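Written below as C-alpha cells is the structure these notes are about.
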Amino acid sequence: MSGTSPDVVQTAVQTSSARPPELLPLADGYSLHRRSAAHAPALNALVRANLDHLRPWMPWADRAPRPEETLEMIHGGDRAWSAGSDYLYLLAPDAEPAAVVGAFGLHDRIGPGVLEIGYWMDHGHTGRGLATSAAGALTAAALALPGIARTEIHCDEANLRSAAVPRRLGYRLDRIADTPITVPGETGRKMIWVRDDQAA
C-alpha cells in the first residue's frame, strides 16, 4: 500500500494534454479501469471491507466513508484527470469488471517530469502478484507520456508488501527519508523507489 489517497486532488504541474489510457489490460485476466461514478458502490464497499487492512498505512482509513462521500471523491478524481494532475484507476477481473479488488493511481505531486504511483489492494487479493502487475502497467503508461522521465513509488520502511512491488519491477531504492508519522504502522522512514525511462 503506497500513498494512494482516495480524495486528494493535486494542482496540475504537467503541461502536456496527453493522458494515459483509460483501460490498461493486464496479462493475468485483470484490467485497470479509469475510476468512474459507476464504480462508486463497489469502491465504497471495498474501502469499508478493508478498513482494518488499510488503517496502519492510510491516513484516510480512520473511518468508513458514506456512499455520497465516495461519489464526491470520484467526481474529484474526474476533475483531477481532466486537469492532468492525477489519473485514478480501479483493478477488477475481466470476467467481472464491477468486482473491484484494488485502487491505483498516477499522481503529479513530486515535480515536473515525475509521476508517483500509489496503490492498495483488497486484503483477500494480496500475495497474488496483482499489485506488481498493475504497478508495472502504470509504470509503462506513465513513462510513455510526453515529458515524463521518471516514476516513483513511496512507502514506509515497515510496509514490506508495498516495498516488494517496486523491487520486483526493477525500481532502485534512491533514498530513505525521515518523515512525520501519520498512521500507526509507520516508522517515519519513507523509502523512495525510482524508475526512469532508460530502465523501462
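The values are calculated or read from the model by the stated rules, or taken from the named source; none is laboratory data. None of these values were measured; they are calculated from a predicted model. All Cβ positions, glycine included, derive from the backbone under ideal geometry; neighbour counts span all protein chains shown. Ligands, DNA and RNA are stripped out before the accessible areas are found, and what is left, the full protein with its side chains, is counted by its heavy atoms. Shrake-Rupley method; radii C 1.70, N 1.55, O 1.52, S 1.80 Å.
When you check ARG167 against the structure, is it part of a helix (DSSP H, G or I), open to solvent by 40 Å² or more (accessible area, probe 1.4 Å) and of a type outside the set (Asp, Glu), yes or no?
Against the criterion (part of a helix (DSSP H, G or I), open to solvent by 40 Å² or more (accessible area, probe 1.4 Å) and of a type outside the set (Asp, Glu)), ARG167 qualifies.
I want to confirm something. Restricting to the range 45-72 and keeping residues that are assigned to a loop (DSSP other than H, G, I, E, B) and surrounded by 15 or more Cβ atoms within 10 Å (Cβ to Cβ), which single residue is farthest from the chain's Cα centre (by Cα)? Step by step, filter the range 45-72, then rank; the result is PRO65. Listed conditions (1) out of contact with any strand residue (DSSP E or B) (no Cβ under 9 Å at 6 or more places or on another chain); (2) buried (at least 18 other Cβ atoms within 10 Å of the Cβ) are all met by MET191, apart from (1). Taken over the range 128-140, the criterion of being of a type in the set (A, V, I, L, M) and either open to solvent by 10 Å² or more (accessible area, probe 1.4 Å) or assigned to a loop (DSSP other than H, G, I, E, B) (or both) is satisfied by ALA131, ALA137, ALA140. Cβ-Cβ distances below 7 Å connect no pair with a first residue in the range 66-86 that is more than 11 Å from ASN44 (Cα to Cα) and without any contact (Cβ under 8 Å) to a residue 40 or more places away in the chain, a second residue that is open to solvent by less than 10 Å² (accessible area, probe 1.4 Å) and of a type outside the set (Asp, Glu), and a separation of six or more residues or different chains.
Quick one: which of ARG161, ARG172 is touching a residue at least 12 places away in the same chain (Cβ under 8 Å), surrounded by fewer than 21 Cβ atoms within 10 Å (Cβ to Cβ), of a type in the set (Lys, Arg) and under 22 Å from LEU51 (Cα atoms)?
From the options ARG161, ARG172, the qualifying one is ARG161.
Quick one: in the range 73-127, of everything that is charged (D, E, K, R) and touching an Asp or Glu at 6+ places or on another chain (Cβ under 8 Å), which residue is surrounded by the most Cβ atoms within 10 Å (Cβ to Cβ)? This residue is ASP86.
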